[in-house]
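The values are calculated or read from the model by the stated rules, or taken from the named source; none is laboratory data. Predicted, not measured: the structure shown is a model, and the values here were computed from it. Every residue, glycine as well, gets a Cβ built from its backbone with ideal geometry; the counts of neighbours run over all protein chains shown.
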Amino acid sequence: MGGSPLIRPAVKPEPVDLTTLPRAELMREVTDLVALHAELIDDDRLEEWPDLFTEECLYSVIPRENADRGLPVATIFCDSRGMLVDRVVSLRRANIFPVHNYRHIISTSRIHGVTPEAVTAHTNYVVLQTRNIGQSFVYNTGKYVDEIVYSSGRFLFRSKKAIFDTDLVDTLMVRPI
Amino acid sequence: MLNNHGAADASATASEHDRIGCRVPYSVFTDEAYYKAEQERLFRGPTWNFVALEAEVPEPGDYKATFIGDTPVVVTRDKDGGLHVVLNRCAHRGAMVCRERRGNAPHLECVYHQWAYDLNGDLIGVPFRRGIKGQGGMPADFALKDHGLVKLRVESLNGLVFATFSEEVEPLRDYLGPLITEHVERIMCRPVKILGNQRQFIHGNWKLYAENTRDPYHASLLHLFHNTFGLYRSTQTGKCVMDENKRHSLLFSMAGSNDAERDSQVYQESRSFDTSFTLKDPSLLAGRSEFPDGITLVILALYPNLILQQISNTLAVRQIVTRGPDSFELVWTQFGYADDDPEMDAIRLKQSNLIGPAGVISMEDGEAVEIVQQAVTPDRGAKSYIAMGGGGADDADHLVTEGAIIGFWQNYRKMVGFEEALP
């Protein structure tokens with residue numbers, strides 16, 4: 001991660017029982033991590049993006065119509081940090097796609113639950129896309145369901161699901177949501 | 001026409017070239033007139049269109065709303081297990097009867113005036129049919145049986161459901177022919193379970209995707225993942241063949257025939273053969289050998305609206321839904337077999353990263369279609385040139401051909417028509 005100003009230095013001896021932390025502090029950590037995730041993608045710092053996840057992790061971008069029916073097919077499904085790296089390398093070197101940028105607009109997060117190991121939080125998002133024609137449009141909207149843990153001195157995603165309403169994907173999806 | 005000798009010679013040479021290869025006027029991808037004609041003559045004409053997997057409507061009362069071309073239809077299963085496909089349009093004043101993508105109901109009912117239809121499309125109820133307090137009501141000779149939903153012919157082949165508006169088109173198996181039928185049966189070899197849907201909106205004419213899925217030439221050149229990891233290469237043992245009428249195409253290949261030395265020679269200058277690209281987590285490609293024939297990739301393009309595919313351990317249908325001359329939707333329904341073990345479930349789920357709108361070996365097709373559409377739109381006089389493999393609608397026992405694309409255009413020209421000589 002290096003120089004990101006949003007990542008605080010490790011201050012807590014581990015393991016940390018997250019239920020002992022003040023709600024306001026958890027909220028701040030969740031908000032920071034979710035915002036940093038969006039920032040790295042929007043600023044095309046994708047090589048840093050996998051570092052927001054634990055080594056063993058789950059990242060999935062799944063259409064709501066599948067999630068609602070309990071069907072497993074996700075548009076992107078990664079179950080290791082290595083797969084996240086592979087997605088980024090594939091975008092850079094293999095895939096052919098329209099030149100574009102993302103802009104995430106994210107809502108206030110809501111903490112749904114806290115266990116000693118993990119905080120579960122939900123956050124709504126809108127991803128606007130801008131292609132080289134210069135117009136911006138709503139590319140993908142949905143909610144993040146995140147499980148966040150404290151590991152190696154940092155808060156990280158153990159699981160991040162983007163459950164998206166916009167199930168008609170415009171052209172293709174190459175960048176993480 | 002021309003007096004100048006040199007120019008006449010040049011023109012003779014040009015017409016000679018016209019006889020070799022297939023030229024398709026780009027206007028078929030842009031003109032509203034072609035779009036309207038093909039809705040009537042092709043999608044609502046003598047063709048069988050895919051509408052559902054039986055596994056999507058397994059129980060009595062299950063229904064699924066979908067489209068043939070851009071015409072809305074509903075697939076239902078009645079209480080005796082029979083399958084029906086009806087036009088999704090009330091016989092009264094044309095409202096869409098079924099407004100959900102899918103569901104279960106004892107009958108279909110229009111919300112506008114509550115006209116109710118049996119699951120086979122028969123009209124069973126009309127509110128205030130005999131009026132209220134002796135006033136109003138339908139004419140005395142009004143008969144329910146005269147006002148059902150429009151019913152389509154339906155046939156199912158090993159769990160794939162097709163429908164047609166045509167009374168004339170031959171039965172489904174004859175329409176597909178023995179070769180295509182055999183390969184549909186190969187994939188649909190036992191009961192399947194639905195794993196999920198993906199939907200993709202592509203800003204291009206649907207026929208560009210029909211070409212793309214009959215095109216073994218592009219697959220190792222456009223899709224780096226295919227080539228670099230040997231999922232598909234044009235050097236592989238494989239075929240691209242058609243039914244007798246050249247409507248449908250079967251493209252298959254065997255990854256077991258990869259030869260690293262030969263392939264690196266053939267693709268030595270190619271962007272898409274990148275030996276320095278390795279996966280940090282190769283579990284994506286760790287599949288299971290599933291079919292005893294060694295075929296690892298199958299693209300069955302069934303005229304006009306379906307692709308049935310097996311790519312490694314991914315199984316899916318891709319249904320084309322037209323949305324005007326310059327756009328279409330691609331609806332992916334991914335499935336496994338009902339008897340898959342948990343490990344196979346996990347393999348299919350992970351390999352799902354290969355296909356769909358974000359598939360590392362399929363996303364490029366969306367971009368390929370769009371860059372054609374963007375380039376052909378302004379220039380209506382121009383034509384494409386399709387000749388790889390010899391320039392005819394010929395079967396090939398190799399993968400360096402565009403023969404099946406030419407087969408598609410021959411059928412399209414017969415059904416919809418355009419003023420160009422085809423080989």
Worksheet item: How many residues are assigned to a loop (DSSP other than H, G, I, E, B) and facing another protein chain (nearest Cβ under 9 Å) when one looks only at the stretch A:49-85?
Response: 7
Response to the item:
Checked against (1) within 23 Å of the chain's Cα centre (by Cα); (2) at positive phi; (3) of a type outside the set (D, E, K, R), residue B:245 satisfies every condition except (2)
Worksheet entry | Given (1) crowded, with 23+ Cβ neighbours inside 10 Å; (2) in contact with a strand residue (DSSP E or B) (Cβ under 7 Å, 6 or more places away or on another chain); (3) not β-branched (Val, Ile, Thr), index of the condition residue B:362 fails | (2)
Worksheet item: Just for helices (runs of 4 or more DSSP H) wholly inside the stretch B:186-273: which have at least 1 residues that are among the acidic types (Asp, Glu)?
Response: B:206-212, B:260-266
Worksheet item: Do we have residue B:142 as in contact (Cβ under 8 Å) with a residue 40 or more places away in the chain, on the phi < 0 side of the Ramachandran plot and either loosely packed, with under 15 Cβ neighbours inside 10 Å or within 19 Å of the chain's Cα centre (by Cα) (or both) here?
Response: no
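A quick yes/no check of all residues on (1) within 14 Å of chain A (Cβ to nearest Cβ); (2) among the hydroxyl-bearing types (Ser, Thr, Tyr); (3) within 14 Å of residue A:94 (Cβ to Cβ):
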residue	(1), (2), (3)
B:216	no, no, no
B:237	no, yes, no
B:240	no, no, no
B:243	no, no, no
B:282	yes, no, no
Discussion item. Consider the stretch B:19-35. How many of its residues are assigned to a helix (DSSP H, G or I) and in contact (Cβ under 8 Å) with a residue 60 or more places away in the chain?
Written reply: 8
Practice prompt. Count, please, the residues in the stretch B:280-306 that happen to be surrounded by fewer than 24 Cβ atoms within 10 Å (Cβ to Cβ) and within 30 Å of residue B:69 (Cα to Cα).
Written response: 4
Worksheet item: Can you find a residue in the stretch A:129-136 that is in a loop (DSSP other than H, G, I, E, B), over 30 Å from residue A:27 (Cβ atoms) and at pLDDT below 95?
Response: yes
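Any residue in the stretch A:86-101 that is within 29 Å of residue B:274 (Cβ to Cβ) and away from chain B (no Cβ under 14 Å)?
Checked against the condition, which is being within 29 Å of residue B:274 (Cβ to Cβ) and away from chain B (no Cβ under 14 Å), the stretch A:86-101 yields at least one hit.
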Discussion item. So for the stretch B:201-209 (the condition being touching a Gly at 6+ places or on another chain (Cβ under 6 Å), buried (at least 17 other Cβ atoms within 10 Å of the Cβ) and in the same structural domain as residue B:372 (by TED's automatic domain parsing)), does at least one residue qualify?
Written reply: yes
